[in-house]
1. Please find, among Q31, Q13, the residue that is open to solvent by less than 50 Å² (accessible area, probe 1.4 Å), touching a residue at least 24 places away in the same chain (Cβ under 8 Å) and either closer than 28 Å to L103 by Cβ or outside any helix (DSSP H, G or I) (or both).
2. Would a scan of the stretch 64-76 turn up a residue that is assigned to a helix (DSSP H, G or I), hydrophobic (A, V, I, L, M, F, W, C) and open to solvent by 100 Å² or more (accessible area, probe 1.4 Å)?
3. Would you tally the residues in the stretch 36-56 being open to solvent by less than 50 Å² (accessible area, probe 1.4 Å) and closer than 22 Å to E104 by Cα?
4. Just to check your reading of the model, which residue among V44, V54 is within 12 Å of the chain's Cα centre (by Cα), in a helix (DSSP H, G or I) and closer than 26 Å to L84 by Cα?
5. Which condition number in (1) part of a loop (DSSP other than H, G, I, E, B); (2) at pLDDT 80 or above; (3) exposed (fewer than 11 other Cβ atoms within 10 Å of the Cβ); (4) not acidic (D, E) is the one that F4 fails?
Amino acid sequence: MDFFQAVFLGVIQGITEWLPISSSGHLVLFQEFLGFKADLFFDVMLHFGTLLAVLVFFYKDFLRIAKAVLRFDFKSKDGRLRLLLVLSSISICFAGVFLHYFLEWLFLCIMAV
């Protein structure tokens with residue numbers, strides 16, 4: 001993979017991460033259609049870069065939530081937000097565990113077409 005392909009996929013990741021659809025799916029589709037060959041490490045680093053961008057952008061919110069947790073303040077707005085974040089994370093973990101093999105099979109079927 002050359003520099004321009006890496007930049008192109010980085011731009012695709014940056015644009016599609018904020019859409020309510022899979023940025024990973026977009027990366028796979030663009031790589032398949034355009035004949036790019038990116039390894040797993042590159043994909044992981046793209047997602048890691050996205051995580052860093054989110055942490056930098058929302059660091060004040062994360063600090064407020066952490067302070068609410070340390071004070072055991074679950075009645076404030078930040079304390080409730082923390083509770084909702086935990087609940088939503090648990091629910092998506094269950095969905096991932098129970099749907100993992102089905103989604104993997106579906107992804108492989110789509111890519112085989």
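1. Numbers: Q31 fails: touching a residue at least 24 places away in the same chain (Cβ under 8 Å).
Testing whether each residue is open to solvent by less than 50 Å² (accessible area, probe 1.4 Å), touching a residue at least 24 places away in the same chain (Cβ under 8 Å) and either closer than 28 Å to L103 by Cβ or outside any helix (DSSP H, G or I) (or both) leaves just Q13.
2. First, pick out the residues of the stretch 64-76 that are assigned to a helix (DSSP H, G or I): 64-70.
Narrowing further to those that are hydrophobic (A, V, I, L, M, F, W, C): 65-66, 68-70.
Cutting the leftovers down to open to solvent by 100 Å² or more (accessible area, probe 1.4 Å) gives us 70.
Among the residues of the stretch 64-76, at least one is assigned to a helix (DSSP H, G or I), hydrophobic (A, V, I, L, M, F, W, C) and open to solvent by 100 Å² or more (accessible area, probe 1.4 Å), which makes the answer yes.
3. Here is the first cut: in the stretch 36-56, the ones open to solvent by less than 50 Å² (accessible area, probe 1.4 Å) are 36, 38, 42-43, 46, 49-50, 54.
Right, trim to closer than 22 Å to E104 by Cα and you get 36, 38, 42-43, 46.
The total comes to 5.
4. Values: V44 fails: closer than 26 Å to L84 by Cα.
Answer to the check: V54.
5. Unmet for F4, out of (1) part of a loop (DSSP other than H, G, I, E, B); (2) at pLDDT 80 or above; (3) exposed (fewer than 11 other Cβ atoms within 10 Å of the Cβ); (4) not acidic (D, E): (1).
The values are calculated or read from the model by the stated rules, or taken from the named source; none is laboratory data. All of these numbers come straight from a predicted model, not from anything done at the bench. Heads up, the Cβs are rebuilt from the backbone with ideal geometry, glycines too, and the neighbour counts pull from every protein chain shown. To get the accessible areas, we keep the full protein, side chains included, count just its heavy atoms, and leave off ligands, DNA and RNA. Shrake-Rupley method; radii C 1.70, N 1.55, O 1.52, S 1.80 Å.
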